Amino acid sequence: MMPFEKIRVADFTTMLAGAGVCRELADLGADVIKIEPIDGDSWRMLAGGFMGVNRGKRGIVIDLRQEEARKIAHKLVSTCDLVVENSRPGIMKKLGMDYETVKKIKPDILYVSMPAFGSKGPDAERPGYDPLFQAMSGQMLGQGGPGKTPIFHKIQLNDEMGPMLGAFGASLALFNKLRTGQGQFVETSLLRSAVTLQSGNFIQYKGMKRKYLGKPDIKGLGALDRLYQGIDGGWLYIYCPKEAHWQTLCKVLGLTALTTDPRFATAGARKKHDKELEAILEETFFTTPANAWALLLAMQGVPAAQGQGIVDLLQSDAHCKATGVYEFQDHPQWGKVQLQGVNAEFSETPGKVLRPGPMLGEHTTEVLLEIGYTKEQIEDFKARKLILQAEVPAKK
């Protein structure tokens, strides 16, 4: 068995962070049923993004705006162990799917909520998206540096951290339920994601001297901890925290004379003459392609990595291929899809990407039959537009 096999999850999430919580549970075997409105999750507009956070799930459509449709959702929830949602406070209550309502249907339900700002406080009802938390949490200013232009992070830092917090909370709630039989409400938020990512800096005490290391054109934190460009225009990063790294670096670069140069012979001297060392290394690295330097240094045990794009990892990175960082799925609409593999490896109960992200309403009939509705009832629901069943293309 997989870790969460036989655990059923009602997934009312949308966009990236909330959907990612259920992706983690699905990867470990949970039967995640994604419930979408008639017009679908707005995240579907980004086909790749949608598939990335909704793989492993089954998808159904229920129009929760209609009272009769809510009864269908309530019946589904009565068969579930977990409910997960990331709406603003009050939305799920309007739809009849808030914790208090669901708890009356299934008293031992575990309900995971992930509103952007949380459910309490003056900002609770504000809409929240990743860039807003980058701005308000200090991520943009921290990267840009004091008094400089803030830096926008293209990678959705907080949206990617959120699923880890939500899945962690869900896992602990399941563990507690195994011990006590007790259901409960679990909450985290994008705000907490932003703080967690900076937990080493989110501290304040009397006399503390805070260091701001960011700046708009930052390439690293020192000559031995930075990016360098090769003659081919490519980049590599080196990180040499130990004396042995420094000595080997000089040997590989043909700069052994620097090891006895008074300006660079000790760590303290190198720190004092950092800009001079940086200029020497820039000139040297620019004589050879970056990937060649990265390979040579790595072979000699110097921490170094070639600057790559996502496509490089997907198409040609031998280590990623060998370790299951990605895998392939057949999608009924998009064909063969390459996507991230399961994050955690278990020796006895390994996880698995069960299926690609669902088409809108792909599994509606299948799921409703499982929870006790007849084919005639389901056809009636369709006719009254309470539900939607997708027409799935036949596999080629």
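The values are calculated or read from the model by the stated rules, or taken from the named source; none is laboratory data. Here the structure is a predicted model, which means the values were calculated and not measured. Cβ: placed from backbone, ideal geometry, glycine included. Neighbour counts: every protein chain shown. Just so you know, the surface numbers come from the protein's heavy atoms only, side chains and all, with ligands and any DNA or RNA stripped out. Shrake-Rupley method; radii C 1.70, N 1.55, O 1.52, S 1.80 Å.
Assorted remarks:
- In whole percents, the pair-distance distribution calculated for the stretch 240-354 from its alpha-carbon pairs, binned every 5 Å from zero, is 2, 9, 15, 16, 12, 10, 8, 9, 8, 6, 4, 1, 0, 0.
- Mean projection area, nm², convex hull over Cα of the stretch 193-233: 5.0
- Carbon + sulfur, % of accessible area of the stretch 227-369 - ligands and nucleic acids excluded, 1.4 Å: 57
- A 1.4 Å probe run over the protein chains yields, for the chain, 54 Å² of accessible area per residue, whole-number rounding.
- Put the Cα centre of the stretch 301-364 next to the Cα centre of the stretch 157-217 and the gap is 25 Å.
- Volume of the Cα convex hull of the chain, divided per residue and given in Å³: 191
- Seen from every direction in turn and averaged, the convex hull around the alpha carbons of the stretch 138-231 projects onto 10.4 nm².
- Efficiency of FRET between Thr101 and Met45 - r from beta-carbon atoms, R0 41 angstrom, step 0.05: 0.85
- Computed E for Glu276/Arg88 - FRET, C-beta separation, R0 41 angstrom, nearest 0.05: 0.15
- For the chain, built as a Gaussian network whose Cα springs stay under 10 Å, the top-fluctuating residue of Pro241, Pro356, Pro89: Pro241
- Label-to-label distance, nm, for residues given as Asp380 and Met136 (7 Å Cα→Cβ offset): 4.7
- In this simple spin-label model, placing a label point 7 Å from the Cα along the Cα-to-Cβ direction at both Val252 and Gln300 gives a separation of 0.7 nm.
- Share of carbon and sulfur in the accessible heavy-atom surface of the stretch 1-160 [1.4 Å probe, %]: 58
- Against the main long axis of the alpha-carbon atoms of the chain, helix 67-77 sits at an angle near 60°.
- By accessible area with a 1.4 Å probe, ligands and nucleic acids excluded, highest first: order of Leu197, Leu295: Leu295, Leu197
- Peptide packing for 230-238, 184-192 was compared via the average number of neighbouring C-beta atoms within 10 Å per residue; ordered from the highest value, the list is 184-192, 230-238.
- Charge dipole of the stretch 1-153 (Cα centre as origin; +1 on each Lys and Arg Cβ, -1 on each Asp and Glu Cβ, all else neutral): 120 debye, rounded to the nearest 20.
- Share antiparallel - DSSP beta bridges, the chain, percent rounded to 5: 50
- All other residues whose Cβ lies under 15 angstrom from that of Leu141 are scored, Lys and Arg at +1 and Asp and Glu at -1, for a net of +4.
- Just checking the listed ones, Asp312, Asp81, Asp31: in the Gaussian network model of the chain with Cα springs under 10 Å, the one fluctuating most is Asp312.
- Computed across the stretch 1-75, the Kirkwood hydrodynamic radius from all distinct Cα-Cα pairs reaches 12.7 Å.
- Computed accessible area, Glu283, all protein chains, 1.4 angstrom probe, square angstrom: 140
- Principal-axis tilt of helix 17-27 within the chain, Cα atoms, nearest 10 degrees: 80
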